[in-house]
1. Within 22 Å of the chain's Cα centre (by Cα), farther than 30 Å from I29 by Cα and modelled with pLDDT of 90 or more: which single residue out of T118, T81 fits that description?
2. List pairs: first residue in the range 32-56 and part of a loop (DSSP other than H, G, I, E, B), second residue surrounded by 10 or more Cβ atoms within 10 Å (Cβ to Cβ) and at pLDDT 80 or above anywhere in the structure, Cβ distance under 8 angstrom, at least six positions apart or on different chains.
3. Any residue in the range 95-119 that's over 12 Å from L78 (Cα atoms): show its pairings with residues that are assigned to a helix (DSSP H, G or I) at Cβ separation under 7 Å, as long as the two are six or more apart or on different chains.
Amino acid sequence: MGTTPEINIDDIDPAVYKAVVAHQTRKAITARWARLDKAERYAATQPARDAQAAKARRRTKGGDQCGLLDINDAAERLGTTERHMRALIANRKIAYIKVGRLIRFDPSTLDAWIEANTITAVTL
């Protein structure tokens with residue numbers, strides 16, 4: 001039987017070495033995860049769920065603390081999409097407030113915009 005040739009690490013292509021290490025790392029993580037029971041898996045993913053919950057709390061439903069609506073809430077209030085709201089903003093068709101890089105809407109301004117863009121029916 002032949003012996004295994006000795007390999008010098010400097011002779012290995014860096015891309016191949018990186019792929020092998022990444023594969024071995026994924027394999028080790030998968031094996032470690034498989035050994036955990038359901039409660040341990042739940043505990044291991046708790047920090048990520050906490051971060052998501054904190055993010056959701058920061059984005060309060062119905063707008064921020066001063067009563068202004070973000071673009072998603074304004075779109076929901078008008079029954080349209082965020083993309084359409086951005087088009088209205090870009091074409092200066094709707095009033096908005098810039099808070100730094102954030103776009104906010106005053107609910108009363110949205111109501112006034114709805115009223116101004118309401119077309120009444122003609123009776124014959």
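The values are calculated or read from the model by the stated rules, or taken from the named source; none is laboratory data. As the structure is a prediction and not an experimental result, all values here were calculated from the model. Glycine gets a Cβ as well: all are built from the backbone with ideal geometry, and neighbour counts include every protein chain shown.
1. Numbers: T118 fails: within 22 Å of the chain's Cα centre (by Cα).
Matching residue, one of T118, T81: T81.
2. none
3. Within 7 Å, the pairs are A95/T109; A95/W113; Y96/I89; I103/I71; I103/I89.
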